[in-house]
Structure formats: structure tokens, C-alpha cells
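Participant: Quick one: this structure, given as C-alpha cells, is what I'll be asking you about.
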Amino acid sequence: MADSENSISIRQRLHLPKVGKARWIAIVLLAAFMFVRWWDPGPLELLRLKTFDLYQQIKPRELLPNSPVVIIDLDDESQQEIGQWPWPRNIVAQLVQNLFRMGVGVVGFDIVFAEPDRMNGENVVASLVGLDVEMKKKLAALPSNDAIFGKLIRAARRVVVGQAGLNNEKV
């Protein structure tokens, strides 16, 4: 009996607080939640992003009156005026040129221009029936809309375009 009274546990010697069952459960739950957040499985990511979108719809961020950043949205009214998306690249080039005339510092596109413009001269010639040879030559000789847009981007040096990437490391 004397030995048990004289023996002091390591916890008591180090003056560690007593950790009860509820704290151990909380610690295990915290570790599990941290692991799941680090792992970020697809359904959880989708739920997180949809929740953020819902918050933005309920109470969107306020626009600052003197904000240096302006987002131009291609809305239904724009599509009614210009036509269905995707717009020909020469129209997009004109939009960029107008923005620079208005004093914009940089234009960024959240769009990937992955395929050639369907309204390039060669594509139009191939899709129209009944054109005479001379008209086909004139249309084919026109600069492509992609070339017009690319020339503007090169000349402006202040245009940022989207880029697609793969999640997989192996291609």
C-alpha cells in the first residue's frame, strides 16, 4: 500500500492535465475532419463549391465604386445584339480594341480559344453552296479572324487568355 501511495504517475510528474473521454473524441473528430478536408473528395468539393455559389447569390460581394477591376459579362442582351456564342474572333478583337480605347489597362479572358474560328474565310467558303470561283478566291484571301485576333493580342501585349490544363500528371 505504501508503494502505491509513494508512486506518482508520469502524468502527475509532468503536471499534464487529465484528458477525458470527450476531449479524446473531439481530438479524433478534428483529425478526421482535417484529413477529409486535405483529401477533398469530389462530392465534398462539389458541396463546398455549390455552398459558396449559394452564398454569392444570397448576398453577393459589393462592387467598389473606384475598383480598378471591372468584369464584362456576355449576357443575353449582348448575344441578342451580336449573335450566339462563340462570336467570330474579329468581333472579339473589336471588343478588345474598344476596351483599350476606353483606357483599360489589361484585358483577361476566362475563355479558352481552343479551336479555330468557325467563321474564318476558308470555313465559310466550304460551307456555302453556289459561290462562283472568283468569290471563293476573294473569301479565301481574307485574313482569318484568328489571325486578326492574334495580331491584336501581340500588338497590345496586355491581353491574358485562358489556358486549359490536365489534373493528371501523365499524358
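The values are calculated or read from the model by the stated rules, or taken from the named source; none is laboratory data. Just so it is clear, the model here is predicted, and its values are computed rather than measured. All Cβ positions, even for glycine, are placed from backbone atoms using ideal geometry, and neighbour counts span all protein chains on display.
Participant: Just need a number here: residues in region 151-168 that are of a type outside the set (A, V, I, L, M) and surrounded by 16 or more Cβ atoms within 10 Å (Cβ to Cβ). Give the derivation first.
Facilitator: First pass over region 151-168, keeping only residues of a type outside the set (A, V, I, L, M): 151, 154, 157-158, 162-163, 165, 167-168.
So of that shortlist, the ones also surrounded by 16 or more Cβ atoms within 10 Å (Cβ to Cβ) come out as none.
Residues flagged as of a type outside the set (A, V, I, L, M) and surrounded by 16 or more Cβ atoms within 10 Å (Cβ to Cβ) within region 151-168 amount to 0.
Participant: Is it true that some residue in region 53-63 is outside any loop (DSSP other than H, G, I, E, B) and more than 24 Å from residue 111 (Cα to Cα)? Quick ask: steps written out before the conclusion?
Facilitator: Our first condition is that a residue be outside any loop (DSSP other than H, G, I, E, B); within region 53-63, this holds for 53-58.
Now narrow it down to the ones that are more than 24 Å from residue 111 (Cα to Cα): 55, 58.
Scanning region 53-63, I find at least one residue that is outside any loop (DSSP other than H, G, I, E, B) and more than 24 Å from residue 111 (Cα to Cα), so the answer is yes.
Participant: Scanning for something within 18 Å of residue 93 (Cβ to Cβ) and hydroxyl-bearing (Ser, Thr, Tyr), does region 127-150 turn up at least one residue?
Facilitator: The first filter runs over region 127-150 and keeps only residues within 18 Å of residue 93 (Cβ to Cβ), leaving 142-150.
When the remaining residues are screened for being hydroxyl-bearing (Ser, Thr, Tyr), the result is 144.
Yes.
Participant: While we're here: Condition first: exposed (fewer than 10 other Cβ atoms within 10 Å of the Cβ) and charged (D, E, K, R). Now tell me which residues in region 75-89 satisfy that.
Facilitator: Within region 75-89, the subset exposed (fewer than 10 other Cβ atoms within 10 Å of the Cβ) is 75-77, 80-81, 84-85.
Across region 75-89, the qualifying residues are 75, 76, 77, 81.
Participant: Which ones in region 90-136 are exposed (fewer than 15 other Cβ atoms within 10 Å of the Cβ), outside any loop (DSSP other than H, G, I, E, B) and at pLDDT below 85?
Facilitator: 122, 126, 127
Participant: Just checking, which of 72, 148 is surrounded by 10 or more Cβ atoms within 10 Å (Cβ to Cβ) and assigned to a loop (DSSP other than H, G, I, E, B)?
Facilitator: Numbers: 148 fails: assigned to a loop (DSSP other than H, G, I, E, B).
From the options 72, 148, the qualifying one is 72.
Participant: Would you check if there is a residue in region 61-80 being assigned by TED's automatic domain parsing to the domain that holds residue 144, among the β-branched types (Val, Ile, Thr) and touching a Phe, Trp or Tyr at 6+ places or on another chain (Cβ under 8 Å)?
Facilitator: For region 61-80, residues assigned by TED's automatic domain parsing to the domain that holds residue 144, among the β-branched types (Val, Ile, Thr) and touching a Phe, Trp or Tyr at 6+ places or on another chain (Cβ under 8 Å): absent.
Participant: Now for a different question. Answer with yes or no whether residue 40 is acidic (Asp, Glu) and touching a Phe, Trp or Tyr at 6+ places or on another chain (Cβ under 9 Å).
Facilitator: Considered against the rule, which asks whether it is acidic (Asp, Glu) and touching a Phe, Trp or Tyr at 6+ places or on another chain (Cβ under 9 Å), residue 40 comes out as no.
Participant: Same structure again: Quick one: in region 144-164, which of the residues that are out of contact with any strand residue (DSSP E or B) (no Cβ under 7 Å at 6 or more places or on another chain) and basic (Lys, Arg) is nearest to residue 106 (Cα to Cα)? Spell out the reasoning first.
Facilitator: The first filter runs over region 144-164 and keeps only residues out of contact with any strand residue (DSSP E or B) (no Cβ under 7 Å at 6 or more places or on another chain), leaving 144-152, 154-157, 161-164.
Filter once more, so that each one left must be basic (Lys, Arg): 151, 154, 157.
Working: 151: 16, 154: 13, 157: 9 Å.
The residue in question is 157.
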